[in-house]
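One structure is given here, and the rest of the page talks about it.
The values are calculated or read from the model by the stated rules, or taken from the named source; none is laboratory data. The structure presented is a predicted model; accordingly, all values stated were derived computationally and were not measured. Neighbour counts run over all protein chains shown; Cβ positions are idealised from the backbone, glycine included. In case anyone asks, the SASA skips ligands and DNA or RNA and just uses the protein heavy atoms, side chains included. Shrake-Rupley method; radii C 1.70, N 1.55, O 1.52, S 1.80 Å.
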Amino acid sequence: MKRKNVIDLDRFSDAEIRIILETAKEMKKFIQGDVKKLDALKGKSIVTLFYEPSTRTRTSFELAGKYLGADVVNITSGNSSVVKGESLRDTLYTIEAMGIDAVVIRHPSEGAADIAEKVYEKKTPREKRPLVINAGDGAHAHPTQALLDIFTIEQHFKQLTGLKVAIIGDILHSRVARSDIIGMRQMGMEVHLAGPKTLLPRFLDQEPGIFIHEHLEDALEDADVINVLRIQLERQAAGFFPTTREYAKFFGLNEDRLKLAKPDAIVLHPGPQNMGLEISPKVAYSDRSKIRDQVQNGVAIRMAVLLLTLCGGE
Ligand code: NCD
């Protein structure tokens, strides 16, 4: 694969996604081994630049870089000069001047990763440009989450084509749903979306391979995979649904609703979970749930992404 920024999956071909999934398989074996240290990225330095809280994504990028032998430094906005008013552009130039090879960026604004790419394209010579990896920008995209979701599905079913995936909940504010939809359709899956009307984007049903349902039950029926989204309480004004109790009652995934899906269907959730709201504890902790596998697969996928995109040729 060529050295390239990871802004969203629409910039990756099916063949490139396939290479990432195959590499992640090898990385997963390595993570499960005793000595978790390679030197494939020895001498490379990576900064994770996070303007939003994160447990899974930040830690898994850090571990992925370290397992591959890179030096990894974490910047969180609350503990950096961002508090003193430094702009995103200046922060990007500052870390570039220190000689970094890649920046993994999470930001509350849609398009922040695009901006980072443009900032470097404008002022930094090609051979010195840090790679930009989007770890979630507002409600726009979260490409490595989609890759780990797809990887988790493939690990379970051993193939992807023709599987029915139901993505349920707060689609409107979900960067995970947006990247999932791109990647899952690219890999031949059928994507069914359901949630409260106010949290469903309108334009998506024009696209082939995407189905929008008013009733949760229609999306769940005969699904192979159910991806439950977190209600993005921080991204929505009040009023998208009456009360959290009602949301759980009408749209939460519970054991009864799970019965509508195929008997061997699996449940995913990107985390963190609003337990008892979008998902019931019985489902979340059942053996149908692959939520913990997703976390481990996230490290494997991020190792694969760092390795392939950082070491790729021009
Ligand atoms: C997701 C995110 O931050 O976009 N979480 C994650 O990366 N594990 C989903 C979410 O916050 O709901």
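Some observations on this one:
- Greater than 19 Å apart at Cα, pairs in 4/164; 44/128; 66/123; 4/25; 4/37; 4/44: 4/164; 66/123; 4/25; 4/37
- Straight-line cross-link partners of residue 249 among the lysines, defined as a Cα under 22 Å from its Cα and at least 8 positions apart when in the same chain: 197, 259, 262, 282.
- Ordering 16, 121 by accessible surface, largest first, gives 121, 16; the 1.4 Å probe counts only protein heavy atoms, with every chain in place.
- Backbone phi angles across the range 185-200, fed through the Karplus curve with coefficients 6.51, -1.76 and 1.60 (θ = phi - 60°), yield HN-Hα couplings of 5, 4, 8, x, 9, 9, 10, 10, 10, 8, x, x, 3, 6, 10, 10 Hz in residue order; Gly and Pro are listed as x.
- Label-point separation, residue 286 to residue 254 (7 Å along Cα→Cβ), nm: 1.2 nm
- Full extension of the segment from residue 121 to residue 86, taken as 0.36 nm per residue of separation minus the current Cα-Cα distance, would add 10.6 nm.
- Axis of helix 14-31 versus longest Cα principal axis of the chain: the two differ by about 80°, to the nearest ten degrees.
- Taking every C-alpha pair closer than 8 Å and separated by at least 6 residues, the mean separation divided by the residue count of the chain gives a relative contact order of 22 percent.
- Cα long-axis angle, helix 143-157 against the chain (0 to 90 degrees, to the nearest 10): 50 degrees
- Å² of accessible area per residue within the chain, as computed with a 1.4 Å probe and no ligands counted: 44 Å²
- Cα-based helix-to-principal-axis angle, 88-97 vs the chain, degrees rounded to 10: 50 degrees
- Using the average count of surrounding beta-carbon atoms within 10 Å as a protection proxy, the listed peptides 107-117, 56-66 rank, highest first, as 56-66, 107-117.
- With θ taken as phi - 60° and the Karplus curve 6.51 cos²θ - 1.76 cosθ + 1.60 applied, the whole-hertz 3J(HN,Hα) list for the range 286-295 is 7, 7, 7, 7, 10, 5, 6, 4, 4, 5 Hz, x standing for glycine and proline.
- Here the calculated FRET efficiency for residue 245 and residue 217, from their Cβ-Cβ distance with R0 = 22 Å, stands at 0.65, rounded to the nearest 0.05.
- Split the accessible area of the chain by element, probe 1.4 Å, and carbon with sulfur accounts for 52%.
- Here the Karplus curve 6.51 cos²θ - 1.76 cosθ + 1.60, taken at θ = phi - 60°, turns the phi angles of the range 119-135 into couplings of 4, 6, 4, 6, 10, 9, x, 3, 6, 9, 5, x, 5, 10, 10, 7, 9 Hz, with x standing for Gly and Pro.
- A simple charge model with +1 on the Cβ of Lys and Arg, -1 on the Cβ of Asp and Glu and nothing else charged puts the dipole of the chain at about 860 debye relative to its Cα centre.
- Percent RCO, i.e. relative contact order, over the range 143-290, from Cα pairs under 8 Å lying at least 6 residues apart: 24 percent
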